[in-house]
1. Among LEU83, LEU96, LEU68, which is within 30 Å of PHE33 (Cβ to Cβ), out of contact with any His (no Cβ under 8 Å at 6 or more places or on another chain) and surrounded by 17 or more Cβ atoms within 10 Å (Cβ to Cβ)?
2. Name, by its number, the condition in (1) part of a strand (DSSP E or B); (2) surrounded by 22 or more Cβ atoms within 10 Å (Cβ to Cβ); (3) modelled with pLDDT under 85 that does not hold for GLU576.
3. Within region 370-382, which residues are open to solvent by 50 Å² or more (accessible area, probe 1.4 Å) and within 16 Å of THR399 (Cβ to Cβ)?
4. Just the residues that are under 11 Å from VAL483 (Cβ atoms) and open to solvent by less than 10 Å² (accessible area, probe 1.4 Å), please, taken from region 405-422.
5. Quick check: anything in region 405-421 aliphatic (A, V, I, L, M), more than 24 Å from the chain's Cα centre (by Cα) and more than 18 Å from SER477 (Cβ to Cβ)?
6. Out of curiosity, is ASN175 open to solvent by 10 Å² or more (accessible area, probe 1.4 Å), in contact with a strand residue (DSSP E or B) (Cβ under 9 Å, 6 or more places away or on another chain) and under 29 Å from ILE226 (Cβ atoms)?
7. So which helices (runs of 4 or more DSSP H) stay within region 727-798 end to end and still have 3 or more residues that are modelled with pLDDT of 70 or more?
Amino acid sequence: MKLIQNSINDLLNNHKIVLIVISFISGIYLNEFSNNPWILVAITGLFGGIISLYFRNLRFLLFIPLGLIFSANSLVVSDKNILDYMGEKSDLEGVLYRSPESRESGSKLYLDTDYIIRKGIRKPVSGKVIIYSSENTRTLAYGDRVRLIDIKLRPIENFENPGGFNLKKFYERQNIYARGFIEGEDSIISFGLSKSYSPILYSIDRMRIKFGNFVRAGFPSPENEILNAITIGEKGGIPQRTRTEFSKAGVAHILAISGLHVGAVAFAFFFIIKWLLKRSEYILLRFQVPRLAAGMTILPVFLYTAIAGFSTSTVRAFIMISLYLLSIVIGKEEYRINTLCAAALIILLWHPWSLFELSFQLSFAAVFAILLAHKFYPFKFATLRDKIYSLIKTTVAATLATFPLVANSFGILPLVSIPANLLLIPLVEIIIVPISLISFLVFLISPYVAGLLISLNIFFIEMLTFGVEMFLEIPYSSLTIPVMNTLSWALFLLIVICLILNSAYPKVKFIIPFIVLGLIITLVNPIPGKTVEDVLEVSFLDVGENKSLVFLQLPNKKNILLDGGYSNTDRGGYLERTVITNYLLSKGIRKIDYIILTSIDKDHLSGAAHLLEKFNVGTLFTNGDKLDGRVWTLINDKNVRWGNISNVEEPIISGDTSLDILRPGEGFKIDDSSRPYPIAFKLTYGNSSFLFGESLNQISFQRDLIHSFEEKIKTRVVYIPNIKIESSLFEFLESVSPQILVTGHINKSLDQFDQELNKLNGQTVILEIDNMGAVAFTTKGKEIKGRTFIDEKYIVLH
């Protein structure tokens, strides 16, 4: 009890800012769960004020309403918001409030809107939007006033599935409400620098863009894109395959300018400046050199932040590093926890929504863990051996602290993370980052000389990528894992406690390896929750209009994923990397027994590449014979069985379930998977049946099914991804006679369609995924139970 009392007193007397930050964060979190934060501001402000009057040590509670106020302001929507102008083509005018981001194909623009021009009428609007361009917009920069021609805006919406990321809320916190698409620079009119933006920052950004284009044009990929990411913070052009490899090796943080790179620059300049100052006897006699060097180091750190484009993560790192340098200047560097908390408070006052950014969480978790490790296992730098041990301690602490965030966000357990960081981080921070910064500064004077430095740096980056590839060659270097369960969290916390206790009780270290092994086992093979035998589960996921994704979990524990490859056509792979993967991992799925791709668009096949890399896939069926590209390389490398679904004549039978492949017509031969013949599927288990398929969107295909299969297409549940209401649709539904109709989108109001359908069959229940989210059905072969994701509506068919 005395130890606890002393800890509380120390916290109240020496670390008050810790409690202030905790209170401010509590206010931000309260805002997340409140429809009207201003009521909570009044309540917490009143009680906090009363408590503060009587207990002065509890004044930190006043930061709870302050956190509510700051976070509430970030969600204010004005009367003339851009959301009022969705869906119709218009001209849009505004200012680029962030530097354009290059992507693997095209660019991403951040526009603060001022006016919308529709039918020749110019109206003022407000709100920020994201614009995707199919071409690289290499002439635009931060602060440019632009007009976008003939653009159709769409609101940012979520895919409502279990395990899904709240993309809409993420952007709303930043006052971004809509997205749009343009073909390229022909659709953009630039008026130059806006009068309200700084010409200095504008000039810096144009130089950044010029440097990025120089590197991109003259040097090989992906090394050139990695160099741009490390030098100017332009990471959008890094190929997805390279990003995946770095993530699997546990070194993805190398590709983003954050605390690691900014800290390396500060470290290097601090010792260079200190060494130079010590050359002067005059300075040695009159100043405290370490303090003077710390103050002077802030300037090069700020310069690197400017070169990186003042991105949110870079500014955050600048604040953290600068405050620590200032603590050295004033002689308070021993209060490192207070400095870290002060940095967190400043950042959250500036951008409260940073609290929910993964980069913010990773940065502060890593730094806090390093400080904690230093407290229990002090770092020493007297000898080479001490320096190596300190590097190992730092790496282990940062890796351990960020592990739950990485595991739950990316579903990755990089077993080679610690050795990879120990070997590759010094290469990046001691060699690549300094040369990158120098090459940029030299580029301002002589692009030719800068080119020589860049060529040298490209060589070292090739060493970096080679090192990553070598680590991934190690068997079981990276494992796909589901979201951490209660047991995994308990074992993780036990490891942390044991590491802390080990500093006082050395014998504790003998049990740590066993706990780590237990944690790995629970992550790779999680103990399943309560399961019901002989149950078929059919899930229709929310993947957007005109798309279909069905996941089947069969009674014999096998599973089938139908469709789900949209990489080349949808948001650079967002659907398969984030939507589908998050859903599967949230259900504890690490192996997919069958993937069946039926799309009539060959580009959709490329989306399966991520699924093949991420999961253990047994069999892949495609709707055609033409095999090329990344998918087919992975099929061979990972020994995945492949087949052409069009050649499968018999139903796919697994246990008591039967998946019939419905192909109307005869004598059609597929030569090219760019135009495969449309097919549908009927799943049968006892008296329960489901009819689905992406091709059911087509009216002509619906007619062919009626003509070819007649009674066979009758089913209890039918899924049509996108309904276009025509008379032939009701003919199809009359032939199918479903008790439940599931659809992604209806081009009329649901009530109107329901009325028209009731004239035909008054017993059909309509479930619209657009409004209700993913729909899941379970059955033991007789009764079918359904549940929607958003409103958790339950349906039972007897």
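The values are calculated or read from the model by the stated rules, or taken from the named source; none is laboratory data. Owing to the predicted nature of the structure, the values given are computational and were not obtained by experimental measurement. Because the Cβ atoms are built from the backbone with ideal geometry, glycine has one as well, and the counts that use them run over all protein chains shown. Keep in mind that these areas ignore ligands, DNA and RNA; they rest on the heavy atoms of the full protein, side chains included. Shrake-Rupley method; radii C 1.70, N 1.55, O 1.52, S 1.80 Å.
1. Testing whether each residue is within 30 Å of PHE33 (Cβ to Cβ), out of contact with any His (no Cβ under 8 Å at 6 or more places or on another chain) and surrounded by 17 or more Cβ atoms within 10 Å (Cβ to Cβ) leaves just LEU68.
2. Only one criterion is unmet by GLU576, namely (1).
3. Within region 370-382, LEU372, HIS374, TYR377 meet the criteria.
4. Scanning region 405-422 gives ALA407, GLY411.
5. no
6. Taking the combined requirement at face value, the residue does not satisfy it.
7. Per the criteria, 727-736, 769-772.
Every residue, every condition in (1) aromatic (Phe, Trp, Tyr); (2) at pLDDT below 70; (3) in contact with a helix residue (DSSP H, G or I) (Cβ under 8 Å, 6 or more places away or on another chain), yes or no:
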site: TYR594; (1), (2), (3): yes, no, no
site: ASN616; (1), (2), (3): no, no, no
site: THR619; (1), (2), (3): no, no, no
site: VAL631; (1), (2), (3): no, no, yes
site: ASN644; (1), (2), (3): no, no, no
site: GLU649; (1), (2), (3): no, no, no
site: ASP671; (1), (2), (3): no, yes, no
site: PRO678; (1), (2), (3): no, no, yes
